[in-house]
Amino acid sequence: MLSKSYTNLLDLASGNFPVMGREKKRLPRVMTVPVDISELDDDQANSVSSDVPSSIIQDRIIIVANQLPVKAKRRPDNKGWALSWDDDSLLLQLKDGLPDDMEVLYVGSLRVDVDPSEQDDVSQLLLEKFKCVPAFLPPDILSKYYHGFCKQHLWPLFHYMLPFAANHGGRFDRSLWEAYVLANKIFSQKVIEVINPEDDYVWIHDYHLMVLPTFLRRKFIKLRMGFFLHSPFPSSEIYRTLPVREEILKALLNADLIGFHTFDYARHFLSCCSRILGVEYQSKRGYIGLEYYGRTIGVKIMPVGIHMGQIQSVLKLADKDWRVDELKQQFEGKTVLLGVDDMDIFKGVNLKLLAMEHLLKQHPKWRGRAVLVQIANPARGKGSDLEEIQAEIHASCKRINETYGQPGYEPVVFIDRPVSLSERAAYYTVAECLVVTAVRDGMNLTPYEYIVCREGVSYSVSCSDSTGPRKSMLVVSEFIGCSPSLSGAIRINPWNIEATAEALNEAISMADPEKQLRHEKHYKYVSLHDVAYWSRSFFQDLERTCKDHFRRRCWGIGLSFGFRVVALDPNFKKLSIDAIVSAYLRSKSRAILLDYDGTVMPQTSMNKRPSQKVISIINTLCADPKNTVFVVSGRGKTLGEWLSSCSKLGIAAEHGYFMRWSADEDWQICGQSNDFGWIQMAEPVMQLYTEATDGSSIEKKESALVWHHRDADPGFGSSQAKEMLDHLESVLANEPVAVKSGQYIVEVKPQGVSKGVVAEKILSSMAEKRRQADFVLCIGDDRSDEDMFEIFGGAVASGTLSPNASIFACTVGQKPSKAKYYLDDTSEVVLMLENLAEASDVPSSPSSEEVEEEEEEEDSL
């Protein structure tokens with residue numbers, strides 16, 4: 001079976017078409033196409049596919065990240081580039097967790113500047129040798145995109161740093177955002193050149209490419225796509241300060257699965273979706289999902305791990321063993337504490353130094369014995385803040401060594417240079433304790449590396465305790481992503497210098513058996529939850545989330561970053577007026593059930609009374625002797641006053657607690673009990689929560705109490721609603737009432753009252769009168785109407801409805817529903833009802849002459 005795939009335009013232009021049934025080389029040349037940011041709205045919002053056949057179908061995943069897992073450097077003769085895999089790259093390591101037969105293709109940029117004249121040759125080499133597709137960004141775009149928006153706006157904000165002043169983080173620069181969007185678009189073009197949208201998976205990584213899902217979704221609405229954020233996601237109070245907050249959230253929601261390292265990061269993201277977009281999440285069988293226009297976007301919580309094989313290989317290296325022996329001699333008789341951090345403003349290196357200084361001050365026994373070795377990896381960013389931190393760190397090192405140093409002893413050894421993994425492993429092996437004092441960090445895998453190195457390998461002579469049980473100690477900040485998974489570590493608030501110093505003392509003073517137990521617990525976790533486990537788990541969840549993609553009917557709507565995909569069940573379709581009118585004309589006994597608010601009356605309308613047009617349509621429908629027409633609403637009996645001119649109209653008020661078949665009849669009470677003593681118990685509880693929840697209110701009906709929290713704080717209102725639900729269920733456990741939560745409400749009403757019960761009563765009554773309905777129209781817009789939609793199948797089975805009945809269960813708005821049909825809004829509902837009214841068989845009124853003749857006949861008699 002052949003699949004369809006995109007190929008490079010240069011390939012097609014040169015006439016180099018692929019041969020059917022034979023393996024072909026994809027994309028022999030890759031080009032960067034200049035684009036304009038205005039093109040964002042020019043893309044077609046429909047799924048497209050290529051007519052060019054490609055190779056035999058094979059499972060494939062396209063990994064997209066800012067940088068490719070490839071090292072590039074100039075050849076010694078300055079002719080061309082030497083390329084090699086970057087073994088330290090997470091993107092390369094995650095392949096271990098993917099299916100063995102899955103092809104992996106990478107899309108990203110190189111760390112070096114490649115001259116435009118060399119880009120085609122480098123692209124071809126990367127594709128053929130490494131299965132990599134490079135995205136070459138123009139220098140001006142690269143600077144604004146990476147050093148500008150990514151590093152000046154997103155990275156500080158996601159690490160809880162707000163731009164309070166122009167010289168502290170910088171003000172928002174719209175041109176940097178435009179460069180970010182443009183860079184993401186260039187990345188999307190590279191993906192589009194090589195993707196097979198019906199067969200490939202796409203996995204996007206990190207904050208550099210947060211709007212990429214929108215570009216890809218616009219082209220391929222059924223593409224299977226995941227996104228993983230490797231940095232923290234800030235709380236909603238921080239994130240909401242970002243001027244493009246909605247654009248980024250909506251772009252992320254175009255992915256099928258969104259991954260985070262910790263529950264805190266995921267919780268913050270979900271809170272932002274709720275507060276900014278009004279999108280709520282649900283947890284089903286352990287999986288978290290966001291319902292968004294009929295699609296369920298999965299939210300994955302899974303901290304990344306390390307590559308065990310790589311660390312084990314390093315532990316066997318002879319040069320590492322030699323370096324360990326050297327370090328053992330250097331620190332003989334000393335207790336080594338180790339810090340390994342990138343040089344940036346969030347790693348808290350100076351806080352660690354201050355804690356070490358306090359330790360030596362408060363615990364003199366460690367003077368001359370405890371040594372802090374601090375390895376500082378080269379800075380990735382730049383700026384005055386970083387320069388200030390560097391100066392502060394060097395000053396602290398100098399002060400501590402001058403104050404507490406002795407001949408042959410320096411309490412702080414500061415290593416300010418690149419350190420290889422092999423040398424780093426040597427330091428891990430001799431260190432009694434690893435210290436991480438970052439004030440904010442997405443994950444930080446340094447503790448994992450330390451634990452594995454302390455475990456060593458069974459035949460390694462380099463392990464610090466090669467003949468006895470392994471042991472290790474960790475002092476870690478509670479603000480880093482790996483902290484929750486290291487339950488045996490001593491967690492600290494790095495801002496509390498005194499507490500951190502005491503934690504250091506506790507760690508290096510702890511008895512060996514306790515250290516061994518903690519180490520064993522950590523090693524078991526780290527060895528099982530490695531990078532392969534992480535990628536395998538993410539991919540399995542991506543498969544599960546996307547399993548129904550090609551079963552559903554999908555279409556794209558919206559412009560720019562307002563674009564989203566509406567996904568509906570294939571049996572869910574728009575109600576055709578011609579089809580329903582045709583069925584209406586063929587039928588002999590009809591039941592028409594209408595909701596009121598949001599169905600024949602717009603929700604946004606301030607005046608809730610029906611218009612003369614609606615009253616006229618309802619009267620026409622009611623006048624047809626074949627019709628039984630009901631308005632079924634949650635509103636009270638005032639609805640009867642508003643519709644009093646519709647004399648033949650049946651009304652079910654308060655979800656059917658009150659019911660009447662026409663204006664001439666009295667209201668019937670349809671509840672199971674007339675005892676409302678429970679109100680005296682429920683109302684004080686609701687009043688308590690109303691006083692404690694600003695923006696909430698109580699609505700009193702004759703048969704029910706409703707607590708509204710639509711105008712309250714979303715998070716607090718939802719939390720209070722859950723608490724109230726539990727409280728009311730407990731208080732009213734022995735009362736004949738039902739306590740239910742809905743959209744921004746908690747309602748208490750008598751048992752056995754619902755719109756579904758009303759629909760069953762109406763249909764049963766018609767069947768008893770030998771007017772079994774062979775046509776049913778039921779329209780509503782909210783959750784309570786779903787009770788009506790779900791009873792029709794059972795009504796046919798029980799004989800209440802004719803076996804050949806035409807059933808039109810219709811919801812208002814395109815959304816998941818038990819109804820099989822939808823209309824977009826109330827205007828379409830009114831238009832459809834108007835067409836039915838025109839098709840109705842209404843007895844004509846007698847003329848004035850006929851009336852006079854009848855009167856004369858009566859007089860003669």
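The values are calculated or read from the model by the stated rules, or taken from the named source; none is laboratory data. What you are looking at is a predicted structure, and each value in this text was computed from that prediction instead of being measured. For neighbour counting, all protein chains shown are included, and Cβ atoms are generated from backbone atoms with ideal geometry for every residue, glycine included. Only protein heavy atoms, including side chains, enter the accessible area calculation; ligands, DNA and RNA are left aside. Shrake-Rupley method; radii C 1.70, N 1.55, O 1.52, S 1.80 Å.
Anisotropy class assigned to segment 369-408 is oblate, per the alpha carbon gyration tensor with a/c at or over the 1.5 cut-off and a/b no larger than b/c. The calculated 222 nm mean residue ellipticity attributable to helices in the chain amounts to -11000 deg cm²/dmol, summing -39500 (n - 2.57) over DSSP H runs of n ≥ 4 and dividing by all residues. The separation of segment 296-360 from segment 711-747, counted between C-alpha centres, amounts to 50 Å.
Figure note: S274, S645 ranked by solvent-accessible area, largest first, 1.4 Å probe, ligands and nucleic acids not counted: S645, S274.
Maximal additional length on extending the H147-D825 stretch stands at 239.4 nm, based on 0.36 nm per residue less the C-alpha distance. Using C-alpha pairs under 8 Å with a sequence gap of at least 6, the mean separation divided by the residue count of the chain gives a relative contact order of 9 percent.
This model, with +1 at the C-beta of Lys and Arg and -1 at the C-beta of Asp and Glu, gives segment 590-686 a dipole about its Cα centre of some 440 debye. With all protein chains kept in place, the per residue accessible area of the chain amounts to 44 square angstrom at a probe of 1.4 angstrom.
Rounded to the nearest 20 debye, the dipole magnitude of segment 306-394 is 440 debye, with +1 charges on Lys and Arg beta carbons, -1 on Asp and Glu beta carbons, and the Cα centre as origin.
Put simply, when 210-220, 684-694 are sorted by average Cβ atoms within 10 angstrom per residue, most first, you get 210-220, 684-694. Packing, as the average of other Cβ atoms within 10 Å across residues, places the peptides 471-479, 486-494 in the order 471-479, 486-494, highest first.
By DSSP, the beta bridges lying fully in segment 500-659 are antiparallel in about 45 percent of cases. Counting only protein heavy atoms and using a 1.4 Å probe, the accessible area of K701 comes to about 40 Å². Only beta bridges with both residues in the chain are counted; by DSSP, about 35 percent of them are antiparallel.
Which percent of the accessible area of segment 450-572 is formed by carbon and sulfur heavy atoms (probe 1.4 angstrom)? Taking all protein chains in place, segment 450-572 shows 51 percent carbon and sulfur surface.
Ordering L338, L105, L777 by Cα displacement along the dipole of the chain toward the positive end leaves L338 in first place; charges were set at the Cβ atoms of Lys, Arg (+1) and Asp, Glu (-1). Remark on segment 711-808: Rg and Dmax equal 17.7, 53 Å (Cα only). Compared with the alpha-carbon gap, the fully stretched path from V581 to N401 is longer by 55.7 nm at 0.36 nm per residue. For E838, the solvent-accessible surface computed with a 1.4 Å probe is close to 140 Å², ligands and nucleic acids excluded. Estimated at 0.36 nm per residue, the fully extended path between N835 and K382 surpasses their Cα-Cα distance by 156.2 nm. Dipole magnitude for the chain: computed about the Cα centre from +1 point charges on Lys and Arg Cβ and -1 point charges on Asp and Glu Cβ, it is near 3780 debye.
With the convex hull of the Cα atoms taken as the outline of the chain, the averaged projected area works out to 49.8 nm².
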